[in-house]
Amino acid sequence: PYTTLFRSVHTYVVTSFATEGDLFSWCESGVAPGLEREVLVQPLVRQMMAAMQQLHDFSIVHRDLSLENILLSKLEDDSLHIRVIDFSMASTSRRFSNCVRGKASYQAPELHMDEEYDAFLSDTFSLGVTLYAVLMKDYPWLSTRPGGCKCFEYVRKHGFRAYLVKRKLRNANLRVADVMSEPLKQLLEGMLHFDPNQRLTLGEGVWPSGRRSVWDEPWLHDVQIGRAHV
């Protein structure tokens with residue numbers, strides 16, 4: 001009798017078809033930025049944050065979160081279900097130094113410094129950029145590299161809130177601050193904080209009980225409370 005030896009040289013990952021494509025394509029459609037869009041997007045954001053929290057609790061960091069790496073599928077009840085994809089830059093290590101990963105708009109500022117950084121918190125920053133982009137149909141800045149983008153340098157100098165007052169919506173005369181609810185401003189300000197020690201976490205189990213997470217933010221629980229602040 002012959003003995004057949006199988007040698008594994010490839011690993012294949014097969015998933016079901018994502019009917020709605022990626023978040024980049026999806027966010028171009030739908031209602032204009034404002035409260036109605038916040039109500040529409042909020043359930044998807046909760047899914048994104050829960051997915052990343054779960055990955056981090058499994059000791060997996062993504063390091064390339066973006067609109068293109070989140071897919072959408074429509075379920076039988078017409079609700080949308082997200083899937084995080086593309087783990088080519090993922091790691092089971094949490095701390096890095098001199099290691100820049102991800103797309104330029106999404107990179108946390110500490111990636112461009114010499115000090116060691118926490119990839120849990122840099123993933124949070126990337127998710128914050130993703131949230132801004134899907135809600136405003138535009139990127140907040142093109143790069144976080146020092147000197148790489150005037151928009152980001154304005155935020156660095158004047159703060160995120162001042163930037164929202166100055167920034168106009170794409171193809172419109174409205175300012176971002178005029179269409180974004182106060183609870184959403186608070187959430188994004190926390191996720192996009194320049195100082196990772198002050199940045200919101202995703203609620204991972206490793207953090208002490210006193211560290212504030214995205215799940216403490218009112219926007220995630222009842223977006224309608226922002227109506228009076230729009």
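The values are calculated or read from the model by the stated rules, or taken from the named source; none is laboratory data. All values reported here derive from a predicted model rather than from experimental measurement. We place every Cβ from the backbone using ideal geometry, glycine too, and count neighbours over all the protein chains shown. When the accessible area is computed, the model is the full protein with side chains, heavy atoms only, and any ligands, DNA or RNA have been set aside. Shrake-Rupley method; radii C 1.70, N 1.55, O 1.52, S 1.80 Å.
Please return the longest range in the chain lying between exposed loop sites, taking trypsin sites (Lys or Arg not before Pro), DSSP loop only, at most 14 other beta-carbon atoms within 10 Å, and leaving the sites out. That gives 8-169 as the longest site-free run.
Counting only C-alpha contacts under 8 Å and six or more residues apart, can you give the relative contact order of the chain as a whole percent? This gives 20 percent for the chain. For Lys137, the aspartates and glutamates whose Cα falls under 16 Å of its own Cα, not counting residues fewer than eight places away in the same chain, are Asp22, Glu28, Glu36, Glu38, Glu68, Asp178. Against the chain, whose longest principal axis is taken from its Cα atoms, helix 35-57 shows a tilt of about 40°. Only lysines eight or more places from Lys166 in sequence, or on another chain, were considered; those with a Cα closer than 16 Å are Lys150, Lys157, Lys185. Placing Asp64, Asp216 in order of accessible area, with the largest value first and a 1.4 Å probe, yields Asp216, Asp64. About the centre of its Cα atoms, segment 94-230 shows a dipole size close to 620 debye [charges on the beta carbon of Lys, Arg (+1) and Asp, Glu (-1) only; nearest 20 debye]. Positive-end ranking of Gly34, Asn171, Leu131 along the dipole of the chain, with charges on Cβ about the Cα centre, is headed by Asn171. Ligands, DNA and RNA aside, Thr124 has an accessible area near 0 Å² when probed at 1.4 Å. Axis angle, to the nearest 10 degrees, between helix 119-136 and the longest C-alpha principal axis of the chain: 60 degrees.
Assuming charge only on the beta carbon of Lys and Arg (+1) and of Asp and Glu (-1), the dipole of the chain about its Cα centre is about 680 debye to the nearest 20. About its Cα centre, the dipole of segment 94-164 is roughly 260 debye, where the only charges are +1 on Lys and Arg Cβ and -1 on Asp and Glu Cβ.
Across segment 1-108 the C-alpha pair distances fall into 10 Å bins from zero in the proportions 11, 36, 30, 14, 6, 3, 1, 0 percent. What segment 83-166 shows is 44 Å² of accessible area per residue, with the surface traced by a 1.4 Å probe over protein heavy atoms.
In the chain, excluding the sites themselves, the longest stretch lacking any of the chymotrypsin sites (Phe, Trp or Tyr not before Pro) that are in a DSSP loop with at most 12 other Cβ atoms within 10 Å is 59-230.
Compactness of segment 32-82 is given as radius of gyration and Dmax, 12.7, 37 Å, from Cα positions.
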